[in-house]
Amino acid sequence: MSTLSAWLERCRAEVDSGLGAVVSETWPETFATPLAYPLQTGGKRIRPALCHAAAQAVLGREDFAIAKSPALAIELVHTYSLVHDDLPAMDNDDERRGKPTVHIAFDEATAILVGDALLTEAFAVACRDLPAEAGVRTVTALARAAGHHGMIGGQVADITGGVEDVDTLVRLHAGKTGALIAFATWSGGLAALAHQGGDLDDPVLGQLRRFGELVGLAFQLADDVLDAEEDAGDDGPPSFCKLLGVAETSRRARAYADEAIALVDGLADPTMLVALARFSVERDH
Ligand code: IPE
Ligand code: IPE
Ligand code: MG
């Protein structure tokens, strides 16, 4: 087993147990099953992994306790976004990860409330185990990444349509998926600095944020290449392959990943960040 997949397994075990604790003791008791359901359907946990990998890059060693707060908060926000994205008024999807979506498994009002609860709880979790100053910065940045300056802005651009050029498509994805991924790497680094008693304005945080933006973009471009055959029909959403062609899209994906890797190469232990950046463009699914 490669170093990355063994590390990802350890990371997943930590994240799954942390998320389980967040949704324990739910009231009313009947809400416990729907609330836990979308956290248990097999998400890849890529965002918490990037957060923990960034903490490790700064810290110089593996310790999944250091960035636990932001890592769990990101997955809660991501999960809420998927529950609401699948609703009939949005993408109207009956299945996610091969299983019934929350509004199908339960009902629509329950799915709205599950999303609301996950999002709201995320902000308490985000600062739970951090020193005060780092906690405030983390909560503020999470709000910016998840809201209309970030993920929701991207979702609005996506449902409004009319994206016809590469720059606007980059901006859409920078919001829709990039903002949360950039928050993941930035907040992991911040948690590690806070743990070390370091300077919370250290420029390494700007590098980690940019790393996340680039990897988010590389991931999206690689996704479009993997989906290129399905796009052939042409009435689907805009994609990088439609605008740039498959060869140029895959060249740019690799270039973004290389640029990201160069940003973190000199950190104390960038192994997992580098492996995740490579995985974002080399995966086959
Ligand atoms: C899928 O994200 C949805 C988008 C944000 C575009 P992931 O591929 O990370 O989803 P899961 O959590 O692993 O299912
Ligand atoms: C998922 O987006 C929701 C967010 C990124 C916030 P998409 O609609 O593009 O992804 P899937 O196809 O539902 O996973
Ligand atoms: Mg969708």
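What follows is calculated from the coordinates using simple rules that are stated; it is not laboratory data. Computed from a predicted model, the values in this text were never measured in an experiment. Neighbour counts run over all protein chains shown; Cβ positions are idealised from the backbone, glycine included.
Miscellaneous remarks
- Checking each residue of the range 90-108 against the condition of being within 16 Å of ligand 2 (Cβ to nearest atom), in contact with a helix residue (DSSP H, G or I) (Cβ under 6 Å, 6 or more places away or on another chain) and among the aromatic types (Phe, Trp, Tyr) gives no match.
- Considering the range 160-195, and only residues there that are of a type in the set (Val, Ile, Thr) and without any contact (Cβ under 8 Å) to a residue 60 or more places away in the chain, the residue that is nearest to ligand 2 (Cβ to nearest atom) turns out to be Thr177.
- The lone exception for Gly18 - which of (1) within 13 Å of ligand 1 (Cβ to nearest atom); (2) closer than 25 Å to Gly188 by Cβ it fails: (1)
- Meets criteria (out of contact with any Gly (no Cβ under 8 Å at 6 or more places or on another chain), of a type in the set (A, V, I, L, M, F, W, C) and away from ligand 3 (no atom under 14 Å from the Cβ)) for Leu169: yes
- Boolean, Thr26 is in contact with a strand residue (DSSP E or B) (Cβ under 7 Å, 6 or more places away or on another chain) and of a type in the set (S, T, N, Q): no
- Residues satisfying the stated conditions in the range 86-122, i.e. without any contact (Cβ under 8 Å) to a residue 24 or more places away in the chain and away from ligand 1 (no atom under 13 Å from the Cβ): Pro88, Ala89, Asn92, Asp94, Pro100, His103, Ile104, Asp107, Glu108, Ala109, Thr120
- Of the criteria (1) within 16 Å of ligand 2 (Cβ to nearest atom); (2) aliphatic (A, V, I, L, M); (3) over 26 Å from Gln196 (Cα atoms), which one Ile74 fails: (3)
- Helices (runs of 4 or more DSSP H) lying entirely in the range 168-285 (those with 3 or more residues that are in contact with a His (Cβ under 9 Å, 6 or more places away or on another chain)): 179-196, 204-226
- Filtered residue count, the range 108-122, keeping only those that are surrounded by fewer than 20 Cβ atoms within 10 Å (Cβ to Cβ) and under 20 Å from the mean Cα position of the chain (by Cα): 5
- Residue among Val102, Val83, Val125, Val136 that is hydrophobic (A, V, I, L, M, F, W, C), buried (at least 20 other Cβ atoms within 10 Å of the Cβ) and more than 18 Å from the chain's Cα centre (by Cα): Val102
- Some residue of the range 28-45 being within 17 Å of Ala122 (Cα to Cα), among the polar types (S, T, N, Q), within 17 Å of the chain's Cα centre (by Cα) and not in a helix (DSSP H, G or I): yes
- Residue within the range 110-120 that is aliphatic (A, V, I, L, M), within 15 Å of Ile152 (Cβ to Cβ) and within 16 Å of ligand 3 (Cβ to nearest atom) present: no
- The condition of being away from ligand 2 (no atom under 15 Å from the Cβ) and on the phi < 0 side of the Ramachandran plot holds for only one of Ala145, Ala67, Ala157, Ala122, that being Ala67.
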